[in-house]
Every structure is written in C-alpha cells, then in structure tokens.
Amino acid sequence: MASESIAWPAPEAASRPLVDALHQWVATVDHKRLGILYIVYALFFLVIGGVEALVMRIQLIRPQNDFVSPEVFNRMFTMHGTTMIFFVAMPIMFGFANYLVPLMIGARDMAFPRLNAFAFWMTAFGGLLLYYSFVGGDGLYGAGSAPDVGWFAYAPLTSRTFSPGHSTDFWTLSLLISGIGSIGTAINIIATIVCLRCPGMDLGKMPLLVWLNLVMAGLVILAVSPLTAAQIMLLIDRYLGAHFFDTQAGGSAVIWMHFFWVFGHPEVYVLVIPAFGFASEIIPVFSRKAIFGYPVMVAATICIAFIGMSVWAHHMFTVGLGSGANTFFVLATMAIAVPTGIKIFNWLATMWGGHIHFEAPMLFCVAFLFQFLIAGLTGVMLSVAPFNWQLGNSYFVVAHFHYVIVGGILFTLFGAFYYWFPKMSGRMYNGPLAKLHFWLFLIGFHLTFDFMHVPGLLGMPRRIYTYEPGRGWDIWNLIVSIGVVFQAVGILVFVGNLLWSLVRGKLAGSDPWDAWTLEWSTNSPPPAYNFAAIPDVKSRRPLWDLKHPEDPDWRYE
Amino acid sequence: MSTPARSIFDLSLFVLLVSAAIFAVVFSLLSYAVLKFRKQGLHGSHEPAQVYGSTQLELAWTVIPVLIVVVLFLATARVIASIQNAVRPASAIEVTVIGHQFWWEYRYPAFSVVTANELHIPVSDPAHPTPTFLTLLSADTDHSFWVPRLAGKTDLIPNHPNSMWIDPAEPGLYLGQCAQYCGTQHAKMLLRVYVQTRAEFDRWVQEQSQPAHLDDTVSDGRRIFERTACVNCHAVAGTAAIGRFGPDLTHLMSRYTIASGAASNTPENLRRWVKDPSIFKPGSKMPAMGLTDPDLTAVTAYLETLR
Amino acid sequence: MSTPSVNMPGVTMPAGDIGWDLPARGTVAMYCLIAAETAIFAIFVVAYIFYIGKSTSGPQPKDVLKLPVFNTICLLSSSLTIHFAVAQQRRGNLRSFALLWFLTFALGAIFLGGTALEWRHLIQDEGLTIQTNLFGTTYYSLVGLHAFHVMAGLLALGAVSIFSLLGYVKQEHFERTEVLSLYWHFVDAVWVVVFTVVYIIGR
C-alpha cells in the first residue's frame, strides 16, 4: 500500500486578494471544501436554533410568563425544530460524509463534484428562504412572518383557512428546495461508495463510517421523497384549490400524518446512523482495538434501516388508527430496539480489554453510549402504545427525542469535530478547553433533559407557550431552563476553541491519533488531490497493517 | 382513578421495571469497562489483544433482547385490547365532544344538553359501572383530549371521529388540557372534568336542560347582546341567539371558569373578557366588539343572569 | 458493466488491469434517482387509491374516464424504440440510432399531446378540474406528475436528438444514452402503474 507517498509539501501560499479566496470557496467543487461549507453553515444555524430554544426556555422558566407573545412562541418552536433538523443536523452529516467518505475509500473526490456543489447551494438557499420569512412573510396579506404550524405542520392547520398568509409556504418551499439538495447528495454518496473505492476495498473492507453513510444515503432517498410528495400536495391544496388534506371536502387530515411520518421516522435514522458511524471510528482508536463484530454492526444497521421504514405510525398512536394497527406498530417499534441494542453491546465489547484513552473525542463518545442507552429505553417506553397515550405529545416525548438528538447525535458530533479537526485544519485543538466544553455541556445537558421527563410524566403537553401554576410543573421547568445556560457556555467554549486553534493550534501532522483508516495516511489538511497515488488495501485497517507488518489484520478477517 | 388510566399506570410500572433492570445491567457493564480499562500515559506502548468478534456473544445479546421484546409486546397488546376494544354497556353515559379553536363543546344526546368547557359526568361504581363514552369530533383543526387521571389522550380530528371511555370511581375535579397543537391559543384550551355523584349529576343535567333564565331587569343588556354580533357565535336557549361558532352561554354562570379555563368566572373577569378577549387569550377567535362602557356593563349584567 | 476510465473525474485509473471492476457511476446514480422518484410516485398512488370512491360530489371516474389505449401504445412502444436505438448505437449504426431515437421522442410527444387532449375534454366538457372533488384532485396530480416526468424526459431526449443531428453523438457514448434510456423505461413503467390504478382499478 502506497501510504508512504504522502503529498509534496505545500508551497507557501502567496497572499491573495480576498475576492479570489472567496471565489474559490463559492465556486468550489472539491468535496473537502464543500464538506467544510456544509459544516460551517450548520454550525451557524445551530447557534440560531439555540437562540430560539433559549427564547422558549426563558418564556417557560415560570408559569404565566410574558417574555414573548403566544404568536412568537409558536414561531419559535416551529423554527427551532425545522432549523435543527433540516439546516443543522442534516447538513452537518452531509458535510462530514462529503469530507470523509472519499478520503476513507481512497478516492480523489465524490462521484459527481458539480452535483455536490449544486446540492449544497440548494440546501443553503433553502435555509435562507426559511429565515427570510421573518422579514418577508407578511406578503400581500399582512398576515405572515415565520411559520408557526409546528415542524411537522399537521393538516388542516396548514390549509389556507387556518394559516392565511404565506408563512406556511416558506416552510413548504424551503424544505422542498433543500430536500432536492439532500436527495442529490444522497445519490452522490451512493455512487461514490459503490463506484470509487480504491483497489482491494471490497464492501466488507470499508470503514464502518462509510458503510453507515451508505445506509444513510439509501434512507434519504426513500424517506425524503415522501416528504417532497406531501409538500407538493400541500402546495397544490393551498394554491390550486385541491383537496388532498381538505377535511371539508372529504379529504383526510390523517393521511398527511401518514405521509409526514413515513418521512419523519426514517429521518431520525438518517440523523443517528452517521452518528453511529463516528462512534464506530472513534471508540476503536481510543480503545486501541478493532471494532468488535464488524459484520454484525453492518447487518444491524441495515436491519435498523429496514425496520425503521415500517414503524412510522408510533407517532400516531393517539390518532385513532384502531387496535390492530396500533398493535402492529408497537411490535415493529419494539423490534428496532434489538439491532440497536446489539450495536451498544458491540461498542462495549470494543472497549472491553482495550487501553482506553480519554481524549476529548472519546469523552464525548463514552457519554454518548450512556445517554443513547437511556434514550433507547425511553423510546421503548414510548413504544408501549397505552403508555404513549399518556406520554405522547407531552414533555416526555420532547425529553426523549432531545436525549437522542443532543445526548446521542450531538455528543458524537462533538467527538467527530475534535477527532477530525486536526485532519481538516492541520492543527490540534486546545485539549483543556475541549474538556471544559465537555463537562459544561454534560452538566447542562443532564440538567435540562433528565429533568424534562418529569413534567411530561406529570401531564404537561408540548407546544404550549405558558402553563398554570399549581400543576406541579414549576420547579422542573425552572431546572430545565437553567441547564440551557451551561450548554450555551459550553458551545461558546467549543466555537472559541475551534477558532483559536485554527490560527494558533499546534501543528498536528498527518496522524496525531495513531489511527488506522486511509484519511490518516495523507497530509493534514489533505492536498486537493487527496492522495499522491491511489492506495491499494488488503484489510479494514490498512494503516494497522502497515504499522504492524508482523500481525496484519488481513490474516484474521 | 378511572380504569383506562389505571391499566395504563399498571402497565407502565411493569415497563419501567423492565427498563430499569436493563439500564442497571448495561450501565454497570459500561461503567466497569470505562473504569477498568482506562490507560494512563501515551500511545506507543504495546497494543492490547485485538478481538474481532464472537458469535456466541452476538447470539446471546440478540436472543435475550428478543425475548424481552416478546414479553413487553404481549403485555402491551393485552392492554391495548382491553382499552380500545371495550364493549359499551347499556348504562353508559354518552357525550359528544367537539373540539374548536380554542374551546370544548359538549353535547349529551340522551339529555338534549349542550354546554361548553366544563364536562360533568357521573361517578362510576366498579360494582355497577356507568362509564362515560366520549365521541370525539372536531369543527376545525386537530385537538386532543387529555385528562391524565382519567385516561390516555385521544385526538379530535376533523372528518375522523374517534371514541374513548372513562369510568372514574372517585368524585372530584380532574384537570387536563388540549394535547395537539391547534393554533395560537392551544396552551389555554384547558379541560375541567367534574365527576359527581349520580344525584348531583342528574340535578346538573336537569338544570342544563332548562332554557335560559329570563330576567326583565337586564333586558337592556339582552337587547344589546341580541343586536350586536354576539348572536352570530353564541346560543342562549329560548332566545333569538342560536349561534354555534362559540360556546353555548345558556348556563354560563353554572361554570367555574370562562375562556375554557383561562380565567375564573367572576364578574370582573367576565367584564374584562367581553371587553377584550385578548386580555386572557390573545389570538382567541372571539373579537373585541368595541362596546361602550355603559353597554359593556349592561351586557355583563345580562350574562350574569344566565345561571 | 463498468469502465474504469469513466469513473474517475478526469483521471484514468488503471484499475481495470488488476481486475478491480466497479459499476459505472452514471448507471448507479440513475438507479438511485429512479428509486427516489418511485417513492414520490408511490405517495401519489397511495393518495389516489385511498381516495377512490370518497368524492362527495362532482364527476366520478366511471362517468368521464375513457381508456387511453392509443396513448398507452405510443408510450410503451417508445420504450422499444429507445431500446433498439441504443442497441444500434452500440453496434455503430449511428443513422439507425438517430432515427429510432427521434421516433422515441415523437412517440413521447404524441403521448403528451394525447394527455393534453384528454384533459381539455375533461375540463371543458365534463367540468372536472383539480378543484372539483377528490377524484379531480388526485387524478390531475398523479397523471400530471407523470406527464411532467415525460416532459423532462422529452427535453433530455430532444437534446440528444439535436446533438446527434449535429454529429456529436458517437458509438462510444452508448453508455450515456443507455443511462437516459433507463430513465425513459422508468417513466413508462410508472405509466403502467398509473394506467392500472386510474383507468382500471379506480373506475
């Protein structure tokens, strides 16, 4: 394997007019730059979505508060959810996929670089269009501003009758446009992984992160399309007078729910499966052991994806589908717990007997393991339909899904940031600051989301801008809101660390973590062409084989 | 408690127990691994033994979760059936609940009673059950009826009638609120269920079936009420007001709260509400009618006679 | 089917020499696109089937729909012609290719024209629009979505026809036209489903 042929040393970059540098970024089709664009874009919206959460938590810190009006609050939860899912979580996963997949399979770029750029700019435009609604939502009716129908926009609340003005259309159009971007990226990821792997890297030798992104991309293709279809139907209803969701003409509000959740549930797997990918790369390196049960991990992920397409109506247990349908969806949802649990056990077995080093990436991934366990268990609780009849649409559900998304996905994302930051920037981040970020965020996360389960159990529904005193919810809401402060400070420390380290961090070299996958065989940051010569691999850990020629992996796989 | 709430509670204890057990086991294993195998010092020393997998382990931690899932599923399926497939006895009280933005309409077809926002039902003796069966409809968007101590929530969806049942064994006031986002004032679409003894309930039904109390001293207020747009939305039985868009006001003063629980039913609050609903519920569908102060006083006085 | 030189943007990879054969990226991408479009159409078909018989008023399918036999024959034959066109291109018979390709385009255009005529009849004579009732809503959106995909296909087919008239399309480009023909076959397959659901099951 030609890993020794690391690139020529980069020449001194002559100082360039700013316009040139900007143009390079705007016109780029390089997967590494597009990856970074996606990630920076997502971080920007993470802060905005966080501010929206902050506004809500201030409003809810005590009963009958009047920090914001009900109209503003309703826009906040709609925009917070929509932003975080579509303009933070998805772009950031696409960004990491874009950056890492070609490097990890020994390719020079994605299969379709220009499609890559097109998809990014579509997504970017979608986000800007959504936020333009704050300014331009009034339209011709003086009745608008940002969408306030909730991130799943149930019919008939979204019909012209109940949502006059254009706010709902901003929701629909911005997601339609960025959905096209998402499908484009998914096609690109699949074509790249299927067609551009370096010689010797058959499907059973790809890094797990690559496998998981392949599964994720397949899910995007099958899941985002139903949302696209439903949004076209909504637009036709609103502007051509059609009756898809028009209950007055015999249409069905429930069918919107089916169409939305056929997207909505696989969507959460789209978000969490790449997170599994990060954990599956970081945990082995920092335990100094190969991932335990590689084939089972792949099979379990494919199972999760398949079963995940058949559980959507567990979001609809209270809608009145009948006991037969409810029972089926209970079984399907509980079934998903099995492959998910298998993955947790395999990560545990990876650490078992290893030499665990608690650098920042590993700290975040270990926290992920504990937190994802809890999130999975509250998910099992919610899958019990009768229990769901009490807990559904309450703060218990809000706590559950934030436990998955923040405690699971965001934690592994932080781990991924710290792990690959040296590769992307060529510099090490500040270690102590990273640990400070970890502890601050851990405390804040648990303050907010552990205690958030309680008001749900005590009967507090979601999406309410205020609540009465004397229901027993006051103290819990106070604690939940306080936790946000710790998380906000943690994020500031994180961003500050990244920015400072970009300029002043220690040079990282090509392989600061003594890792085993192909991206660590080239420079940090990699040159535009990634590898001087396309590598040739014989096992899942090509660099392990090089570093341990007496005991290479391909003897055991 | 009411049977649906009770069986859900019992099932939930079982589920919590199983989850806690799983959590305890996995948490211990994870903690042990993290503590026992941590390594101080730098990389570079020898690597640990590389273990790539184990079929027995994979089988074990597949089969055991499958068994747990089977047990949980069977327990769940039983409760689903017992709640959703329950047979309606002849002694059941029937109430039709119609969800509106942002208030609740209650109709008792057997008694020809129409009321709003405060639901009265009789207590149900477990020996001779008299459950209340609710038919759930919606006049506009999606809502959800959730009184946790009585039952799980069931949604009210236009063009998709649902039904649920409750049989509280203890009299008292049970609180809840709308649990499906329905617009601006979703937060203040509160539920108040008064569970009464049979005698009290029958008396309440008796009172509610009467037409409106007629009092000549407030005929000014009544005239203003019937001449302005109030009658477009509100009904007062036995008068010219037959609007159905807003709550039925025939026995308004028999209710403890107004604005679907957003404020208590005092003369002061009533006056403020009629003057400008947005003081309690900004975004409520009831407009401020712009009444002059004398008119406002008259109308409020009239409303206060609707016992 | 794979051609290493096609896979790498701008770089020829000698992987074929060592037997490292991976699929062609254009084909893989088109299959993915077809999967996504299938999912979109599936939702519209589900909506159509769900709403069969649920219109509360207005014209019903059996009253106003006639089997579009001629249209269907045209569209399905165009799958045959495009298949033969690509086969001819593979063999190097560029003139036959150009003729058959243009015939495909023409058949597709006839199909669109036929749909337009059908719609004009439905709107003007039967009073059925997308607003009329649930049948109108689901019919026009499903058939319209399909027609939109035919239109997009015709644009691509037309472009290739023009390029071939100008002499730019050569034998070695058969893989690219093959990818396009995949899309066209997909469009025809969707029509089979739409035809069955709308004109047979739904009437």
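Computed from the Cβ-Cβ distance with R0 of 51 Å, the FRET efficiency linking residue B:24 to residue B:175 stands at 0.90. DSSP beta bridges confined to the protein assembly as shown are antiparallel in about 70 percent of cases. Relative to the longest principal axis of the Cα atoms of chain A, helix A:323-351 runs at roughly 30 degrees.
Taking the charge dipole of chain A about its Cα centre, with +1 at Lys and Arg Cβ atoms and -1 at Asp and Glu Cβ atoms, the residue from A:168, A:285, A:527 reaching farthest to the positive side is A:285. Projected onto its three principal axes, the C-alpha set of region A:26-555 covers 72, 50, 48 Å, listed from the longest axis down.
Give the separation of the Cα centroids, region B:155-180 to region A:444-516, in Å. That distance is 35 Å.
Across region C:153-203, the convex hull enclosing all Cα atoms gives 66 Å³ per residue. Springs between Cα atoms under 10 Å define the GNM used for chain B, and in it the highest mean-square fluctuation of B:101, B:210, B:196 occurs at B:210. Just report the Cα centroid separation between region A:205-251 and region C:166-203, whole Å. Computed from Cα coordinates, the inter-centre distance equals 23 Å. Loop-located trypsin sites (Lys or Arg not before Pro) in region C:23-73 (DSSP state not H, G, I, E or B) with no more than 11 neighbouring Cβ atoms inside 10 Å: C:66.
With the simple model of a label 7 Å out from the Cα in the direction of the Cβ, residue B:229 to residue A:546 spans 7.7 nm.
Quick one: putting +1 on the C-beta of Lys and Arg, -1 on the C-beta of Asp and Glu, what dipole do you get for region B:216-304 around its Cα centre, in Debye to the nearest 20?
Details: 10 positive and 9 negative charges, 62 e Å.
So the magnitude is around 300 debye.
Which pairs break 27 Å Cα to Cα here: B:285/C:54; A:289/A:435; A:32/A:343?
Numbers: B:285/C:54 31 Å; A:289/A:435 23 Å; A:32/A:343 29 Å.
Checking Cα-Cα distances, B:285/C:54; A:32/A:343 exceed 27 Å.
Rounded to the nearest 10 degrees, what's the angle between the helix C:69-91 long axis and the longest principal axis of chain C, both from Cα atoms, 0 to 90? Result, in degrees: 0.
With both labels modelled 7 Å from their Cα along Cα-to-Cβ, the residue B:70 to residue C:171 distance reads 6.4 nm. For region A:26-555, the relative contact order comes to 16 percent (Cα pairs under 8 Å, sequence separation of at least 6). Comparing Cα centroids, region B:48-88 and region C:66-85 end up 51 angstrom apart.
For region A:26-555, with only Lys/Arg (+1) and Asp/Glu (-1) charged at the beta-carbon, what is the dipole magnitude about the Cα centre, in debye rounded to 20?
Values: 27 positive and 25 negative charges, 145 e Å.
Taking the Cα centre of region A:26-555 as origin, the dipole is about 700 debye.
Note: region B:216-304, Cα convex hull, 90 Å³ per residue.
Antiparallel versus total DSSP beta bridges in chain B: what percent is that, nearest 5? Walk me through the intermediate numbers first.
On the way: 28 of 40 bridges.
Percentage antiparallel, nearest 5: 70.
When the Cα positions of A:482, B:273, C:141 are compared along the charge dipole of the protein assembly as shown, A:482 comes out farthest toward the positive end, with charges on each C-beta of Lys, Arg, Asp and Glu. Farthest toward the dipole's positive end in chain C, which of C:193, C:111, C:183, given Cβ charges of +1 (Lys, Arg) and -1 (Asp, Glu) about the Cα centre? Result: C:111, furthest along the dipole toward the positive end. Select from B:90, B:229, B:262 the residue whose mean-square fluctuation is largest in a Gaussian network model of chain B (Cα-Cα springs shorter than 10 Å). Comparing B:90, B:229, B:262 in the GNM, the peak value goes to B:90. What aspartates and glutamates does residue B:281 reach when the alpha-carbon gap must be under 15 Å and sequence neighbours fewer than 8 apart in one chain are set aside? Within reach: A:66, A:71, A:468.
Using alpha carbons only, the radius of gyration of region C:20-201 set against its Kirkwood radius gives Rg/Rh = 1.04. Residue C:118 to residue A:125: FRET efficiency via 1/(1 + (r/R0)^6), r the Cβ-Cβ distance, R0 22 Å, to the nearest 0.05? That pair, residue C:118 with residue A:125, gives E of 0.05. Hydrophobic, long helices, defined as DSSP H runs whose alpha-carbon span along the helix axis is 18 Å or greater and whose mean Kyte-Doolittle value is at least -1.0, occur in chain B at B:3-36, B:55-84.
With viscosity 0.890 mPa s and temperature 25 °C, the Kirkwood radius over alpha carbon pairs of chain B converts through Stokes-Einstein to a diffusion coefficient of 106 µm²/s. Straight-line cross-link partners of residue B:153 among the aspartates and glutamates, defined as a Cα under 16 Å from its Cα and at least 8 positions apart when in the same chain: B:142, B:167.
What residues of region B:97-116 lie in the reach of a label at residue B:209, counting those whose backbone N is under 16 Å from a point 7 Å from the Cα along Cα→Cβ? Residues B:107-115 fall inside that zone. Global size of region B:1-156: 26.0, 85 Å for Rg and Dmax (C-alpha atoms, Rg to one decimal, Dmax whole).
Amide H contacts of residue B:154: B:145, each under 5 Å away and 5 or more positions distant or on a separate chain (H built 1.01 Å from N in the peptide plane; Pro and chain starts excluded). Charging the Cβ of each Asp and Glu at -1 and of each Lys and Arg at +1, and nothing else, the dipole of the protein assembly as shown about its Cα centre rounds to 900 debye. Scanning residues 5 or more positions from residue B:306 or on other chains, those with amide H under 5 Å from its amide H are B:253, with H placed 1.01 Å from N in the peptide plane.
One equal scatterer on each Cα of region B:93-199, no solvent, Debye formula: the resulting log10 I(q)/I(0) at q = 0.17 Å⁻¹ is -0.73.
For chain B, a Gaussian network of Cα nodes joined below 10 Å ranks B:80, B:166, B:121 by mean-square fluctuation, and the top entry is B:80.
Nearest 10 degrees is fine. How inclined is helix A:360-383 to the longest principal axis of chain A, computing both from alpha carbons? In chain A, helix A:360-383 runs at an angle near 40 degrees to the longest axis.
With contacts taken as Cα pairs under 8 Å at a separation of at least 6 residues, chain C carries a relative contact order of 28 percent.
In this rough spin-label picture, where each label sits 7 Å from Cα along the Cβ direction, the residue C:163-residue B:110 distance is 7.6 nm.
Summing charges over all other residues whose Cβ lies under 12 Å from the Cβ of residue C:170, with Lys and Arg as +1 and Asp and Glu as -1, gives 0. What aspartates and glutamates sit close enough to residue C:62 to cross-link, taking a C-alpha to C-alpha distance under 17 Å and skipping anything fewer than 8 places away on the same chain? Once the sequence-local aspartates and glutamates are set aside, what remains near residue C:62 is C:118, C:125, C:126.
Taking N as the number of residues in the protein assembly as shown, what value does Rg over Cα atoms divided by 2.2 N^0.38 Å take?
1.02
If you take all other residues with their beta carbon under 13 Å from the beta carbon of residue C:198, and give Lys and Arg +1 and Asp and Glu -1, the sum is +2.
Can you compute the FRET efficiency between residue C:155 and residue C:125 using 1/(1 + (r/R0)^6), with r the Cβ-Cβ distance and R0 = 30 Å? Round to the nearest 0.05. Intermediate values should be presented prior to the final figure.
On the way: r = 30 Å, r/R0 = 1.02.
With R0 = 30 Å, the Cβ-Cβ based efficiency is 0.50.
Computed from the coordinates by the stated procedures, all read-outs in this text should not be read as laboratory data. From a predicted model like this one, the values you see are computed outputs, not experimental measurements. Quick reminder, even Gly has a Cβ in these numbers, built from the backbone with ideal geometry, and neighbours come from all protein chains shown.
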